[in-house]
Each structure stands twice: as structure tokens, then as C-alpha cells.
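**Student:** Can you read through this structure? Questions will come right after.
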Amino acid sequence: MASNFKFSTAGCAYCRLFGRKSSRIPQDIRDKCLKKCTGGCFACQKLTDIERKIADARCALQSLLDAREELASTLNAYHDPFVHRLPLEITSSIFVHCRPVEPLVYTSALRHDEKKLTRAVLSLGRVCQSWRKISRSTPELWTIFCVSITPSNCVPSVVFTNEWLERSGVLPLSIQIDVEDNPDEEEDIDEKARFELCHNIAQKVIAAAAQHAHRWELLDLQVPSKFLPMISTFLAAKDMHRLRLLKLYSCPGFGDEEILHLNASPQRVVQKLGQLDQISIDWTAVTHTSIFQLDFYDAIDLFQNAPNLLSCEILYGDYSDDHSLPESYVVAPALLRLEIRRFPFHFWDYFTFPSLVTLHLTSPNRFDGGWDWTRLQNLLRRSSCSIQELSIKDASETPDTAGLIDVLKLTPDLKRLTVSGILVESVFCSLDAAVMFYGNMPPTTDFLKNLESVRCETNQSEFNWSPLVAFLTNMTFRSERSLYTFDFKYTEEYSEEVCCSIMNRDVLKCVLEVVHGLKFKLLDYRGLDLLGRLRRFHKV
């Protein structure tokens, strides 16, 4: 509704400069007017009166909104009588299953989704008073504390942290804390102040969570490296005997003095960035590790200090000449699974893995000898291990496939083989020749007699199917055949026209004839069936 009064500021010494065309009078000018003039000019008095009425109206509106929310919460208790007739134990169990928690969080580098987890837990208490009481009295619902602290999101407080963790009772806890670091130290003053406030809040949250360290079962930290000494101080006198999984995703900028000391013996360790000696724990209990950018000499220390290690994943290992090499072979007596990416092949010269069963190799370091199969052969002979699963991926240059065949000859118990990249076509040429040779000899000399599953991955749309068809022919028509699964997957996205030209009609008919009785899958980059599309296109 338009105002029905008119006024003029011409007689006011402080606000007359704004006149009738001014959209509003600044607050500082109005304060001077109200102070110096007797009660202020007419415009300032009227504006002050209107703002007071607006404030009163907002208070009345907020009171009505609060009353509506309380009434709606009370009515919801009668609109859902079925849930309220259930025993509290069943309702609590249903609530716990509402959490979007991935079971693989305990077995891999996956992380909790902080927004989904917090929203799911808190939303249960917003339905009605009864649900709020049940959710707050269900300790299992509050055993995962996940928080992300950034300059734009400094909402978490010590009160919030304490209330969340206290509602978990005495149950084991999973703690995930992410703190954003300032990527550029030369930012402006305002930006530095925002990060300083963010880090101060983060320290208080970590200190509050550390009061429950004796109940920690999973600790997942993604924090600036300068936080490590502070966290060690908080946990110095804490007994962390329940800790099973430790994940450390620290930001760059490590220093020798920045070490995380924990009075714990976790079974699983995941570390990204930094050096191995920057985690001070009892490594004798560690059975599974996944470590990014592990130095070659850190790998030696790892296998020496973790005698019970069962599974090890090393990513982007580097080589340096700063340390002396071991005088004797480093033995990992319990290691069953080893995965190495971008590795130097001299790695094999210093280790022995007598219990190794699964070996995954991805993209060796071309600047350090490339695919040198001789050293791997020496390791297999020295270890006398029984390899049952072998994976060789992402060859960046054409390797010596004859050397790979010699490696396969040292793995007579091999059941699962995976090859990818440009390695695929040349490998099957060599495998076909080897199978034909050993096919005319006694079964005891056949190094592929136990092979059950083969998986191939390639990004080459123009693939020579002849070696693969010949290999499958020799494998599937043998009397002692063990191969029953063969998967071939394209890792690149191709148009429908390219997909349908991967095989012509004659090759497709030959493949279908060879794989008869075999679980054969031809997949596109999304894992969808490509063989059926080819059959419909060629009408086979």
C-alpha cells in the first residue's frame, strides 16, 4: 500500500542533502539528525517508527512460525500411528539403517559423504517429538562423526561436537575430519584472516573429539600438515586400543618435525602424501596398507616393520639415492596381496614374498628400465610363491611379451589373468604359440592348466582378433580345459557406428563358435553388453 503522507528534508541540516529523490537516508546521517535535532526531522522520525513496526512484525511472525512448527510436530505423532506402535528397539534399528554408510569405507580409500550423513541423522529428529526422542536415545545413530571445516563453512562448533559424540554413549566411534588449508600463503589479509578463523575452529573441534579417543575405531584425517604436532599433543596420553583403521590425507608441505604420534596399533593404514616415518604407530599389528607416493626406501622400512602385513597397495613409488640399500633380502613372510603402480623394476631385487598369491602391476617407470621381466622372474624363483592372480595393466610401451610368457611359466597355479593397454594383442600372439607348443606335451608341463578366468581391457577400436581367437580355440578344445570365463572390455567411449564395426560378420561368427560353452563377455566402457548389439547389427 502506498504511503499517503508527504514530507520534506529541506529544513534539516543533516539529511536535507538527500532530498525527495533519495531512496533512503543512511543510518549514520539519521543518527546525527536524531541526536542534534530535537527528536529528528519528520522524515527520520517517520522512518524510525516504520522500522520499529517492521521489527515488531518480524518478532510476531517468528512466534507464529515457531508455534506452527511445534503444532505440526505434535500432529505428526497422530498422523503416523503405525511407527509409534512398534517397539522402540525396532524403530531404533530402522533409524540406524537410514544412515547412508558405505560398508567399503573400512576396506578401501572411500570416504563418508559428510552432507548426506549429517542430513540423514538430523532429519530424523525433525519429524515429530517422538522421533526426536528416539533418535537422540539411539547411540548407534551417532557413532559416525563426519565434519568438513572450510572458510565458507565454519558452522561446526565445540558444542555441536560434544553433543553428537555424547549421544553415541560408549560405542566405538568413526571420526572423519576435513580441514581446508590455505593453498597460497601470499593471499590478502582478509583471506588469511578467514583461514585463521577456520583453523582455530578446527583445533577446538579436534580437541573436543580427542576427549573420546579411547573409543575411536576409525580415524580419517584430511588436515594441513601443521596440524599433526597439535593432534599428537591432544592424543599424547590417550589409550587408542580400539583403533582399527587409520587414514591420513594430509595437505602438502610436510616437514621433518611434523609427525603424527599415536598410541595405537591399527590393522589398516591408508596414507596419502608425506613420508612413512611421519606416522608413528605400532606397525606390528598392521595387516593392510594403501600408501600414496611411497618412496622406495620407505617400502623397505614398511616390510621390515610390518611382519604381519597381508595386503599392500603402493601408489606412485619413487626412487632416490639418499639411503643405503639393504645387505640382505627383505622378507615379507605373511604378504598375500601386492599392488604396485608406476614402480621401478629394481624393486624386485631386494624383496622376497614366500606367501604371495595376488600380484597387480600397473604402469612401470619407463625411465628406470621399463618392463624388465627378468628381475620379476628372479623374485618368483627366490620366493617360491604360488601366484593365483596376476594383473598387468597400462603398458605405456610395447613390452617384451616373451619375458612375460617366462613369468607365466613360473606361475603354474595361476587361475586369474588380467592384461590391458597395448599389451593385449601381443600377449595373445605369444600365448597362442605357447599353448600350441605345450598342448603336445604332458599336462604336467602346461603352465596354463589351472587358468580359469581371463580379462582384457583395451582402448584400441581396431583390434586384431586373430591371435585371441586362436588362443581361445586352443584353450577351449583341450580335454583338460579349465578356462570358463573370458571378459573383454573397451575402456574408451566410441560411437555406435564404431562399436558395430569392431568385428565384421565373419569374425563375429568365428568368435561365437569358439566361445561356445564359455562364459564370454564383450563389454563397452560402461560395462554394458556389446556382444548382443553386434549380433543384432550383423543379424547373427
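**Student:** Which whole-Hz couplings ³J(HN,Hα) result when phi for each residue of segment 523-538 is put into the Karplus expression 6.51 cos²θ - 1.76 cosθ + 1.60, θ = phi - 60°, listed in order with x for Gly and Pro?
**Tutor:** Values, residue by residue: 10, 8, 5, 8, x, 8, 5, 9, 5, x, 5, 5, 5, 5, 5, 8 Hz.
**Student:** Right, something else. Check which residues have an amide H placed less than 5 Å from residue 270's amide H, if you skip close sequence neighbours.
**Tutor:** Distant-sequence amide H within range of residue 270: 246, 247, 248, 290.
**Student:** Just to be sure I understand the model, the point goes 7 Å from the Cα along the line to the Cβ. What's the resulting residue 358 to residue 85 distance in nm?
**Tutor:** The modelled label-to-label distance comes out at 4.9 nm.
**Student:** Amide H of residue 125 versus every other amide H placed in the peptide plane: which residues, excluding those fewer than 5 positions away on the same chain, fall under 5 Å?
**Tutor:** Placed amide hydrogens put nothing under 5 Å from residue 125.
**Student:** Check residue 351: other-chain or 5+ apart residues with amide H under 5 Å from its amide H, H built from backbone geometry?
**Tutor:** For residue 351, whose amide H was placed from the backbone, the distant partners under 5 Å are 330.
**Student:** Using 0.36 nm per residue, how much length does the chain from residue 68 to residue 516 gain when fully extended, once their Cα-Cα distance is taken away?
**Tutor:** Length gained between residue 68 and residue 516: 154.4 nm.
**Student:** Between residue 136 and residue 293, what is the spin-label point distance in nm, taking each point 7 Å from the Cα along the Cα→C-beta axis?
**Tutor:** Here the modelled spin labels are 4.5 nm apart.
**Student:** Oh, and also: Can you compute the FRET efficiency between residue 538 and residue 51 using 1/(1 + (r/R0)^6), with r the Cβ-Cβ distance and R0 = 60 Å? Round to the nearest 0.05.
**Tutor:** Efficiency computed from Cβ-Cβ geometry: 0.15.
**Student:** Do the alpha carbons of any pairs in 393/521; 449/521; 115/247; 115/238; 272/393 sit beyond 25 Å of each other, and which pairs?
**Tutor:** Exceeds cut-off: 115/238.
**Student:** Using the Karplus curve 6.51 cos²θ - 1.76 cosθ + 1.60 with θ = phi - 60°, work out ³J(HN,Hα) for each residue of segment 291-300 in order, rounded to whole Hz, and write x for Gly and Pro.
**Tutor:** Running phi through 6.51 cos²θ - 1.76 cosθ + 1.60 with θ = phi - 60° gives 10, 8, 6, 7, 5, 4, 6, 5, 5, 4 Hz.
**Student:** Also: Rounded to whole Hz and in sequence order, give me ³J(HN,Hα) for segment 167-176 from the Karplus expression 6.51 cos²θ - 1.76 cosθ + 1.60, θ = phi - 60°, writing x for Gly and Pro.
**Tutor:** The phi angles translate into 5, 7, x, 10, 6, x, 10, 10, 10, 10 Hz.
Laboratory data are not the source of any read-out in this text; all were calculated from the coordinates shown. Everything quoted here is computed from the prediction, not taken from an experiment. As a convention, Cβ positions derive from the backbone with ideal geometry for all residues, glycine included, and neighbour counts pool all protein chains shown.
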